[in-house]
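Below is one structure, written out as structure tokens; comments come after it.
The values are calculated or read from the model by the stated rules, or taken from the named source; none is laboratory data. Since the model is a prediction, treat every value here as computed from it, not as a measurement. Neighbour counts run over all protein chains shown; Cβ positions are idealised from the backbone, glycine included. With ligands, DNA and RNA removed, areas are computed over all heavy atoms of the protein, side chains included. Shrake-Rupley method; radii C 1.70, N 1.55, O 1.52, S 1.80 Å.
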Amino acid sequence: MKLILARLAILAGILGFWEFASGRLIEPYLISKPSLIFTTFWNWVMDGRIFFHAGITAMEAVAGFLLGAAVGMTLGILLGRAEKLAELLNPFIMGFYSIPKIALAPLFIIWFGIGLEMKVLLTATIVFFLVFLNTYTGVRSVSPELVNILKLMGANERHVLRKVVVPSAIVWVFTGLRLSVPYAMIGAIVGEMIAANRGLGYLLSHASAQFNTAGVFAALVAIITLSVLMNTGVGVLAKYAMPWEKAQKNREVSI
């Protein structure tokens, strides 16, 4: 409770100083005011605009996140277990990974147009590498002794994956998933800013074009809120997928 109150006090201090500084220390058009940002955001809530645009962005970000995560986990496990294949493909994977993914947006527009598919695939491409690299690292870090013991007991590759590899690598997988959430938002927002007439990225770009600083900050508040909700969803999923973490924390507290 004290921690929450301390955080609220810090937030109130920042907002209070911001409100005071705007128009006195800094030009209002540069930073706007928290009160004006709240008014703008509330007006968007009342006319339903924020829900419409946030729904579009959420659809793109979640769809791209799920697609990129699924492909990244699958290939991460596959190449993590197939060392020779991983060595063969490593230069190509690292070469493509080194490309700034946002630079692919114009090419994706040419290939897929400016519709929903382009934003979803751009988001999936960004998410893929974060999940893939974490999954691959997690699979490669699995203890060889555990794998050998299971094989000595007559286990096949499917048993090894289900009993040892996946449980051992799942912490790495969820680390990649957590890291991917803001990047999923980046893919969706950038795609909308480049070519779209709806979504939070469009709302942000439109407010910026009109020099509406309050609108820019209001759109950023909506983007932050959506990112927090996605992160919370991944966190809840992690608790169900890794129940032993909670038990371990309880054990540490009891000790």
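Quick notes on this one:
- For region 64-88, filtering for residues that are surrounded by fewer than 21 Cβ atoms within 10 Å (Cβ to Cβ) and either under 25 Å from the mean Cα position of the chain (by Cα) or of a type in the set (G, A, S) (or both) leaves 10.
- Residue in region 164-184 that is farthest from L67 (Cα to Cα), counting only those that are crowded, with 17+ Cβ neighbours inside 10 Å and touching a Leu at 6+ places or on another chain (Cβ under 7 Å): V164
- The condition of being open to solvent by 70 Å² or more (accessible area, probe 1.4 Å) and either among the acidic types (D, E) or modelled with pLDDT under 90 (or both) does not hold for I93.
- Selection from region 146-178 of residues that are part of a helix (DSSP H, G or I), polar (S, T, N, Q) and more than 32 Å from the chain's Cα centre (by Cα): N148
- Of all the residues in region 5-48, those that are outside any helix (DSSP H, G or I) and closer than 13 Å to F217 by Cα number 2.
- Residue match in region 131-143 (condition: open to solvent by 80 Å² or more (accessible area, probe 1.4 Å), without any contact (Cβ under 8 Å) to a residue 12 or more places away in the chain and among the basic types (K, R)): no
- Within region 11-37, being of a type in the set (F, W, Y), within 19 Å of N212 (Cα to Cα) and open to solvent by 90 Å² or more (accessible area, probe 1.4 Å) holds for one residue alone: Y29.
- Whichever residue in region 185-224 is open to solvent by 60 Å² or more (accessible area, probe 1.4 Å) and without any contact (Cβ under 8 Å) to a residue 60 or more places away in the chain and, among such residues, is nearest to L150 (Cα to Cα): I224
- If the condition is being modelled with pLDDT under 80, farther than 14 Å from W172 by Cα and assigned to a helix (DSSP H, G or I), then region 232-255 contributes P243, W244, K246, A247, Q248, K249, N250, R251, E252, V253, S254.
- Considering region 1-56, and only residues there that are among the basic types (K, R) and over 27 Å from the mean Cα position of the chain (by Cα), the residue that is nearest to T225 (Cα to Cα) turns out to be K33.
- Pairs meeting the criteria (first residue in region 32-57 and basic (K, R), second residue part of a helix (DSSP H, G or I), beta carbons under 7 Å, at least 6 apart or on different chains) are K33/E19.
- Residue check for A61: under 30 Å from V120 (Cβ atoms) and surrounded by 13 or more Cβ atoms within 10 Å (Cβ to Cβ): yes
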